[in-house]
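Where a number appears in this text, it was derived from the coordinates with a stated rule and is not lab data. Here the structure is a predicted model, which is why all the values come from computation and not from measurement. Positions of Cβ are backbone-derived with ideal geometry, glycine not excepted, and every protein chain shown enters the neighbour counts.
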Amino acid sequence: MSVDQLSVSLTKEQAYALVDAVSERDDLALTASAHENEETGEWVFEATCDSPPDVAAFSELARHVLGGDVAFSVAPIDPEINWVAKSLEGLAPVIAGGFYVYGSHETAPVPEGLTPMKIDAAQAFGTGHHETTTGCLEAIETRLTERTPTRMIDIGTGTGVLAIALAKRLEAVILATDIDPIAVTTTIDNAIENGVGEQIDAIEATGLDHEEITARAPYDLVVANILAGPLTELAPGVGTITQPGGTAILSGILNTQADGVIAAYETAGFTLKDHLKRKEWTTLVLEKN
């Protein structure tokens, strides 16, 4: 197989944001990573792609995520190089909300006092590097200090990172749903890897359209890290499946989109309790009236 490497120098924040955006898609790259150039101190985004890479698609995604044009360079990869291992070198562990999210390539010990979660980059969103994921983990940590939920659902679970975080902290079963069957399989595998396989029931579902979701309602904690558009559309349904006093933690929302999502959930019977901003991304914590 002929493989190319597409790369560009960015800031650390931009590089990681682009890594997470590429990881949300399964049509652009085999792997994506960010790392610091030891010689220059610059941060570099790298993607390993089947030859030839779709540079136009990468450029369009970069404009959307970073807000400007990016000049990518493309070079063939030496077949003698283990490019999978190389691509993983830049995925440093993430600490958020008392959780330590790391890949299987990480050899350093888990820092004391943190809850470890081993999540490898995969064909599903949620390595822990994106501000939407860290915002949700921080919101989960704060909410769990206030109350202990017993019926939970993670909508659009991706790699299962948020469902696993809940399972690590609570003795309860979490329903994890995703429209993508690959995400469902990834979530099951990650749950088993993290020792919480019996606590996570992962199912394929479009939005809230599944009898299992209805059967387990009402929920006292709903988590959804997807996008502002689908979140807005789901607002009436989330209002229906959330019990009074229950919490909804929502992310995947640009700061500029937050007011619209808040309005939709207020109409659905929620009150805004917290609004976390991480760079250009928002995480909302709402409570059902």
### Fewest-first ranking of Leu234, Leu276, using other Cβ atoms within 10 Å as the exposure measure
Leu276, Leu234
## Note on the structure
For the chain, shape from the Cα gyration tensor axes a ≥ b ≥ c, cut at a/c of 1.5 then a/b versus b/c, turns out prolate
### Message
If I build a Gaussian network model for the chain, linking alpha-carbon pairs within less than 10 angstrom, which residue out of Gly67, Gly269, Gly252 has the largest mean-square fluctuation?
### Response
Gly67
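Rounded, prolate or oblate for segment 153-289? Axes are the square roots of the Cα gyration tensor eigenvalues, ordered a ≥ b ≥ c, and the cut-off for rounded is a/c under 1.5. Don't jump to the answer; show the numbers that get you there.
Working: a/c = 1.69, a/b = 1.46, b/c = 1.16.
Prolate, because a/c is 1.5 or more and a/b exceeds b/c.
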## Note on the structure
Checking segment 147-238 for trypsin sites (Lys or Arg not before Pro) in a loop per DSSP with at most 12 other beta-carbon atoms within 10 Å yields Arg147
### Task
Using the charge dipole of the chain (Lys, Arg: +1 at Cβ; Asp, Glu: -1 at Cβ; taken about the Cα centre), state which of Ile213, Ile77, Val19 has its Cα farthest towards the positive end.
Ile213
### Message
Treating only the Cβ of Lys, Arg, Asp and Glu as charged (+1, +1, -1, -1), what charge dipole size does the chain show about its Cα centre? Round to the nearest 20 debye.
### Response
1040 debye
### Task
Would you look at the GNM of the chain, springs on alpha carbons closer than 10 Å, and say which of Glu46, Glu212, Glu112 moves the most?
Glu112
### Task
Taking amide H positions as placed in the peptide plane 1.01 Å from N, state which residues far from Asn225 in sequence (5 or more) or on other chains have amide H under 5 Å from it.
Ile155, Ser251
